[in-house]
Every structure is written in C-alpha cells, then in structure tokens.
1. Can you name the residue in segment 115-130 that is surrounded by 21 or more Cβ atoms within 10 Å (Cβ to Cβ) and either assigned to a strand (DSSP E or B) or on the phi > 0 side of the Ramachandran plot (or both) and, of all such residues, is nearest to the chain's Cα centre (by Cα)?
2. Can you say whether residue 221 is modelled with pLDDT of 95 or more, closer than 21 Å to residue 249 by Cβ and in contact with a strand residue (DSSP E or B) (Cβ under 8 Å, 6 or more places away or on another chain), as far as the supplied structure shows?
3. Residue 108: at pLDDT below 95 and out of contact with any strand residue (DSSP E or B) (no Cβ under 6 Å at 6 or more places or on another chain), yes or no?
4. Looking only at residues in segment 227-247 that are touching a strand residue (DSSP E or B) at 6+ places or on another chain (Cβ under 9 Å), within 26 Å of residue 204 (Cα to Cα) and touching a residue at least 40 places away in the same chain (Cβ under 8 Å), which one is surrounded by the most Cβ atoms within 10 Å (Cβ to Cβ)?
5. I'm told residue 215 meets every condition in (1) surrounded by 12 or more Cβ atoms within 10 Å (Cβ to Cβ); (2) within 23 Å of residue 169 (Cβ to Cβ) except one. Can you identify the failing condition by its number?
6. Identify all residues within segment 160-177 that are part of a strand (DSSP E or B) and in contact (Cβ under 8 Å) with a residue 24 or more places away in the chain; write none if there are none.
7. Are any residues in segment 1-23 surrounded by 10 or more Cβ atoms within 10 Å (Cβ to Cβ), out of contact with any strand residue (DSSP E or B) (no Cβ under 6 Å at 6 or more places or on another chain) and modelled with pLDDT of 50 or more, and if so, which ones?
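The values are calculated or read from the model by the stated rules, or taken from the named source; none is laboratory data. Bear in mind that the values here come from a model prediction, so they are computed numbers and not experimental data. Cβ: placed from backbone, ideal geometry, glycine included. Neighbour counts: every protein chain shown.
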C-alpha cells in the first residue's frame, strides 16, 4: 500500500500544471476564437439553408475576410469533396491560421487555399457559397463601396449559389457600453462599443481580454466600421443584382443552447440581436 502511494505521488509530481492565462502569455487569436467564433454553428447554418434552397449539399466555399480561416477549416472536414478558399488582407493572421488551424487538417489541408488580397480583387473561380461573417464587411463605409463589393461577390457565384452575411443591431447596439462575458479557459471577453456617430453611423468598437491575475489585453482587436441597418443591406444587395434576399432572424429558445434562425419579414426589436442575410444570385 505504501509503495502504491509513493508511485501515485511521483506521478502527480511529474504532471506539469498548465500555467494560468495572463496578458503576457495569452495568444489573442486563440482568445478570439474561443470568445467570438463558432465555426461549427456557422457551417451548420450554411448547410441547412443551402440544402433547403437547392436540395443538395454545397461543395465550394469562399470565406471573405477569413482571418484565421477557422470556417475554411471546419468546411473541408465535413466532406472529402469540399474545397475552401479564404481571402484576407492581413498576412499575419493568415500565417497564424495556417500554423494553428490548417496544419492539423491532414489530407484536407490540400483542399484549402488562402489568399492575401483585397476581397474585391478577381479570383477567377465560382463558388457555391460565399460568406462574410463577424460584420467584417462593415469596413465599407459608403453605399457605393458596399454595393460594389456585393456586385463583385455576385460575379463569384455559380448557378446554385448563395451569399451569406451576418449583422447585429438592437437599441443597445448604438450606445457606448462594455459587455463582459466569462469564457471557459480562465479569462473574460469584453466587447467595447466605444463610439457611435448618429449622423454618419460610424462606430469604433474594441475587444479587450481580462485575466484572473488582474492583467488585461486592451484593444486586442479594433474595428472602425459603419453601422449598417438591415433595410440598407437588403436594398444594396438587390441593387447589386441579387434576385432574392432573405433575413434569417434568431428564433432560438432562450432556455436552450440550440441556435435556430428562420426567415422572417418582420420582427420585434430587442436590446441586442444577431441576424443573417442570405442573398441568391
């Protein structure tokens, strides 16, 4: 008995305790993916809507403003016939995504292509699905810029295809405020709605991270956007030539973890909401 206790003690002593997260040792891209992105949910939504519209599975995906290419990675793991292209202008985040998200894909890695370029540059390919998530396209601040981007996306879509975007709003969305959320893993995610201009609808938002030891990653991510409304987005998509534009509203049960989005023509306003737009070529 004494011997077994000593063995157990030696095994326990040999285990390395994972160091607590701090501002000094944390990787902001890991924190972002844990806090903001759920690639499984996003791809589930795309699959569900596409199959409902076209009665088949989509194969090719273009992820605009792809960042770390987390959605591309999830996409190609769903089926061996799937391909994904990710486009982003930031070489650092593309390198990070290649090292951390694509490296572990095995053979599926060959079906992912990452391009460092402007999302409005030509690609010479057609896709079943183009997506622009996390409100990234709000970087375009004029109607002309955004309509031009939408028209460009339309040229990249094949016969049975769709363009998927997300948007947020609600009466609290235009108020300077900070929203904190504890994240499993030992840190706090802070969404900072720092500035809102009611005349131009220009917004400045930040993401901060806070840790148990009191350290902070201030302005880990910064966003200078125009706050676009759903009517504006629908009108611009139609002006860009899309024949059908639907808003998918969050109809989830507040007591359930399952996210359910359904097409709606009208909805009640809320303090904060998230919606998808699906535009068909």
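1. Filtering segment 115-130 for residues surrounded by 21 or more Cβ atoms within 10 Å (Cβ to Cβ) gives 119, 127-130.
Next, only the ones that are either assigned to a strand (DSSP E or B) or on the phi > 0 side of the Ramachandran plot (or both) stay: 127-130.
Details: 127: 19, 128: 18, 129: 15, 130: 13 Å.
Looking at residues that are surrounded by 21 or more Cβ atoms within 10 Å (Cβ to Cβ) and either assigned to a strand (DSSP E or B) or on the phi > 0 side of the Ramachandran plot (or both), I get 130.
2. Numbers: modelled with pLDDT of 95 or more: yes; closer than 21 Å to residue 249 by Cβ: no; in contact with a strand residue (DSSP E or B) (Cβ under 8 Å, 6 or more places away or on another chain): yes.
Judged against the criteria, residue 221 is not a match.
3. Working: at pLDDT below 95: no; out of contact with any strand residue (DSSP E or B) (no Cβ under 6 Å at 6 or more places or on another chain): yes.
Answer is no for this residue.
4. 237
5. Going through (1) surrounded by 12 or more Cβ atoms within 10 Å (Cβ to Cβ); (2) within 23 Å of residue 169 (Cβ to Cβ) one by one, residue 215 breaks only (2).
6. Of segment 160-177, the ones part of a strand (DSSP E or B) are 160-169, 177.
Within segment 160-177, 160, 161, 162, 163, 164, 165, 166, 167, 168, 169 qualify.
7. Once the filter is applied, which keeps residues that are surrounded by 10 or more Cβ atoms within 10 Å (Cβ to Cβ), out of contact with any strand residue (DSSP E or B) (no Cβ under 6 Å at 6 or more places or on another chain) and modelled with pLDDT of 50 or more, segment 1-23 yields only 20.
Residues are listed down the side, and each one gets a yes or a no for (1) under 24 Å from residue 217 (Cα atoms); (2) touching a helix residue (DSSP H, G or I) at 6+ places or on another chain (Cβ under 9 Å):
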site	(1), (2)
167	no, yes
175	yes, no
184	yes, yes
189	yes, yes
197	no, no
204	yes, no
